[in-house]
Amino acid sequence: MNFPTVAQFQHPRLGNYGSPQELLEDGRLSETEKQMAIDAWRRQLDHGAYDTDDAPLIRHAIRSLDAAAERLAAGHH
């Protein structure tokens, strides 16, 4: 399931992703690059400007990214 546009991630070098699972499944990226992308995506959501109506969605996206980071660290991706 992809996040709505406000919560998606676009990076000029690492790629564009609609969900953390999509990022984890990207075979082009090393585990280090995946972790870098997760960290950058989370920072983007933590510090991004978005409508207050989107706040629940952003919190859900952050929880999903945290879970993806845990799966990556555990080698389950």
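Among the residues of segment 14-40, none is identified as out of contact with any helix residue (DSSP H, G or I) (no Cβ under 6 Å at 6 or more places or on another chain) and aromatic (Phe, Trp, Tyr). Residues in segment 6-22 that are of a type in the set (S, T, N, Q) and free of Cβ contacts under 8 Å to residues at least 12 places away in the same chain: 8, 10, 16. If you check 49, 67, 40, 55 for being surrounded by fewer than 16 Cβ atoms within 10 Å (Cβ to Cβ), modelled with pLDDT under 90, assigned to a helix (DSSP H, G or I) and of a type in the set (Gly, Ala, Ser), only one passes: 55. Does residue 33 satisfy being of a type in the set (Asp, Glu), touching a Leu at 6+ places or on another chain (Cβ under 8 Å) and surrounded by 16 or more Cβ atoms within 10 Å (Cβ to Cβ)? For residue 33, the condition - of a type in the set (Asp, Glu), touching a Leu at 6+ places or on another chain (Cβ under 8 Å) and surrounded by 16 or more Cβ atoms within 10 Å (Cβ to Cβ) - is met.
Taking the conditions (1) touching a Lys or Arg at 6+ places or on another chain (Cβ under 9 Å); (2) free of Cβ contacts under 8 Å to residues at least 12 places away in the same chain; (3) of a type in the set (D, E, K, R) in turn, residue 66 satisfies each one other than (2). Checking each residue in segment 6-30 for being assigned to a strand (DSSP E or B) and either small (Gly, Ala, Ser) or surrounded by fewer than 16 Cβ atoms within 10 Å (Cβ to Cβ) (or both) picks out 10, 11, 15, 16. For beta carbons closer than 7 Å, sequence separation of 6+ or different chains, a first residue in segment 23-45 that is closer than 18 Å to residue 2 by Cβ and in contact (Cβ under 8 Å) with a residue 40 or more places away in the chain and a second that is in a helix (DSSP H, G or I) and of a type outside the set (A, V, I, L, M), the qualifying pairs are 23/34; 24/34; 24/71.
The values are calculated or read from the model by the stated rules, or taken from the named source; none is laboratory data. Since the model is a prediction, treat every value here as computed from it, not as a measurement. Virtual Cβ from ideal backbone geometry, glycine too; neighbours counted across all protein chains shown.
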